[in-house]
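Report on one structure; see the data block that follows.
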Amino acid sequence: PRVATPRGPMDAEEDDRRPVRRGPGGAPARPAAPAKPTRPAGPEKSRGRLTVVTAQSSDDERQRSVASFRRRTQRMSGHRHVEAKEKIAREVTVPETISIQELANRMAERAVDVIRLLMKQGQMVKITDVIDADTAQLIAEELGHSVRRVAESDVEEGLFDTTDTDEHLESRPPVVTIMGHVDHGKTSLLDAIRKANVVSGEAGGITQHIGAYQVTSPLGGKITFIDTPGHAAFTAMRARGAKVTDIVVLVVAADDGVMPQTIEAINHARAAKVPLIVAINKIDKPDAKPERVRSELLQYEVQVESLGGDTLEVEVSAKAQTNLDKLLEAITLQSEVLDLKANPNRDAEGTVIEAKLDRGRGPVATVLVQRGTLRVGDIVVAGAEMGRVRALIDDKGANVASAGPSFPVEVLGFNGTPEAGDRLAVVENEARAREITDYRQRQKREKAAARSATVRGSLEQMMSQAKTAGRKEFPLIIKGDVSGSIEAITSSLEKLGTDEVQARIIHSGAGGVNESDVTLAETAGAAIIAFNVRANKEARDAAERAGIEIRYYNIIYDLVDDVKAAMGGLLAPVNRETMLGNALIKEIFAVSKVGKVAGCLVTDGTVERGQHVRLIRDNVVIHEGKLATLNRFKDAVNTVHAGQECGMSFENYQDMRAGDVIECYRVEVVQRTL
Ligand code: GDP
């Protein structure tokens, strides 16, 4: 219809998303619009095509769609005068993908015309098919329209990182993550700090783990600790563009010194440009050598203050609760240097630190508010999920009405469970929230689809490789506590291989099983072996979703044994033959219906019905097959023993002769092991 009713470019914009053509019966009944008299009917009548307007004005005045009603009100507002039937060049908004129907609507062209154009180019499409933006642009331009390309991700525009001006900024507490080598006391330190702070007179006293907590510094002010130690969590959040941590406390055990994960932590912190504070832990131990830690750190360009550097260091004991105050003071000092600020008076933005589905409370996400203030009643999006904040609960289990910058809170009211690392934003209304989450969910689905496609690809590849190489591979991912044990495991597993089957270690490393291991296992079709380490929650969940088994061991021998057995399963099974007995054919009878029957004498062993037989003539096997019938006198029997006479017939074979020997044997399928 709109082909004939020219309008300004503004209208083209506004009408883009609205379906254009509608049958007269397809619309909800509405009272006739008052706009009627103002609209000249002439030129429209002259059109031959059935349109909303002609259809309605000719024979069905009572039916009017919402869209048409809206268009009329628009027309009433003035800026329109109907000209002769003339094609209008429109600016068509084209997202990354668009359906034929939608494209036609936006151009105000008939979908069949679009389809016809595509057919001319050799593409057979249906009206519901989705085409990419390039194709859509070609078509639109062919039809004389111009195109405005938009990315779908535009819906996210303005969601984050709108800048605050300086005068709105206020100081905020630092957010601290504790990192370090396994067993150097990260968890103990977090617990100790928290307990000490609660005991020293915080309200409540009952604490609950929500993934982050806040304590008061002896210098005044608050400090927020992220309570999910682990480099993976830190990196995962960073990978998603969420910079949560302001300060990393690097825990190094004084009795153990710098270890692989200590170095990893240094690198992570450096990559994130986050300053370090070194906490030399376990200072209570008799064999503690804090000096060694200091000098070892120098190798990794971490120069502590006492050695003339600018990295703060504190000797602590999580166990004896020594110097915890000093550590908090150091954190406060460091944060003063950083001059951390945020605007509390705006819509909240934050990051999901942890999220779970709680049986009683539904989806629960622990969110660290980073700017603005989150309030009960706000409409939020995080990742592909949205919700209206029903309640905010702090780390002491108390309900709070709002949460400002650096404040960790549990957020109740999400429709689904977001993921750790998802960024949270408050949006103005539910429609906007839905627009964003719809887009993200679509993206998620597409990613998942793309991922499963690659899985299939790689499995197929693996199989064909195995086939062409004539050997099977047993892909494995090995995670262990220390690199020594991993080396031991790897070499003994590699020794297991034969010409036919071989363990292939795709990835091995020290540390717990994390999500990326699971993703890798999924793509490679590998099994995950965890030696003296465990999988974190994300990894466990991901493994469950992907149907990947994580096997835990603490004895190398057991591990190797199990892999051996599993690899054995990949060996082609063998058929093992057991000799049962021989019979000599004395005479051949022709029996109606059955065919030829051999009258035999069992010379040794037994002959059993249904078993495999060979017919041997002059020591040459001339037939292999199965025994069809076995009779003694007139009766069918199951077994005939040596010395007895019997009648035998073969399945599908007739050419036996007197003097031939029938060898009877059993075949068992045997699974091989290494
Ligand atoms: P994480 O793996 O880094 O989280 O380390 P944990 O906090 O689980 O601590 C590992 C072990 O070290 C535990 O057995 C703790 O009891 C012990 N530990 C932690 N801090 C101290 C400390 O200050 N002194 C002593 N003697 N032992 C500690």
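Table for the structure above
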| quantity | calculated |
| --- | --- |
| Normalised contact order of region 349-450, rounded percent, pairs of Cα under 8 Å and 6 or more residues apart | 34 |
| Accessible area per residue in Å² at 1.4 Å probe, computed on region 91-150 | 50 |
| Additional length obtainable on full extension of the chain from LYS356 to VAL594, 0.36 nm per residue less Cα span | 78.6 nm |
| Mean separation of Cα contacts under 8 Å, 6 or more apart, over the residue count of region 91-150: relative contact order % | 51 |
| Residues of type aspartates and glutamates that LYS593 reaches as a straight line, Cα spacing below 19 Å, ignoring anything fewer than 8 places off in the same chain | ASP635, GLU651, ASP655 |
| Entries of LYS326/LYS537; LYS186/LYS285; LYS479/LYS564; LYS282/LYS479; LYS195/LYS289; LYS586/LYS634 with Cα pairs more than 24 Å apart | LYS326/LYS537; LYS282/LYS479; LYS195/LYS289 |
| Highest to lowest packing among 129-136, 254-261, scored as the average C-beta count within 10 Å | 254-261, 129-136 |
| Of all accessible heavy-atom area on region 91-150, the percent that carbon and sulfur account for (1.4 Å) | 50 |
| Accessible surface, per residue, of region 574-670 when the full set of protein chains is kept, probe 1.4 Å, Å² | 57 |
| Portion, in percent, of the accessible area of region 588-655 that falls on carbon or sulfur, probe 1.4 Å | 48 |
| For THR245, solvent-accessible area (1.4 Å; no DNA, RNA or ligand), Å² | 10 |
| Label-point separation, MET124 to ARG657 (7 Å along Cα→Cβ), nm | 6.2 |
| Efficiency of FRET between ALA546 and GLN443 - r from beta-carbon atoms, R0 22 angstrom, step 0.05 | 0.70 |
| Rounded to the nearest 10 Å², the accessible area of GLU419 at probe 1.4 Å | 70 |
| Residues VAL150 and ASP113, FRET efficiency given R0 of 30 Å [Cβ-Cβ distance, rounded to 0.05] | 0.80 |
| Theoretical FRET efficiency, 1/(1+(r/R0)^6), r = Cβ-Cβ of LYS634 and VAL669, R0 45 Å, to 0.05 | 0.80 |
| Apportionment of accessible area to carbon and sulfur, region 266-355, percent (1.4 Å) | 46 |
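The values are calculated or read from the model by the stated rules, or taken from the named source; none is laboratory data. Since the structure is predicted, the reported quantities are computational estimates derived from the model, not experimental observations. Don't worry about glycine lacking a Cβ; one is built from the backbone with ideal geometry, like all the others, and counts go over all protein chains shown. The area values use the complete protein model at the heavy-atom level, side chains included, leaving out ligands, DNA and RNA. Shrake-Rupley method; radii C 1.70, N 1.55, O 1.52, S 1.80 Å.
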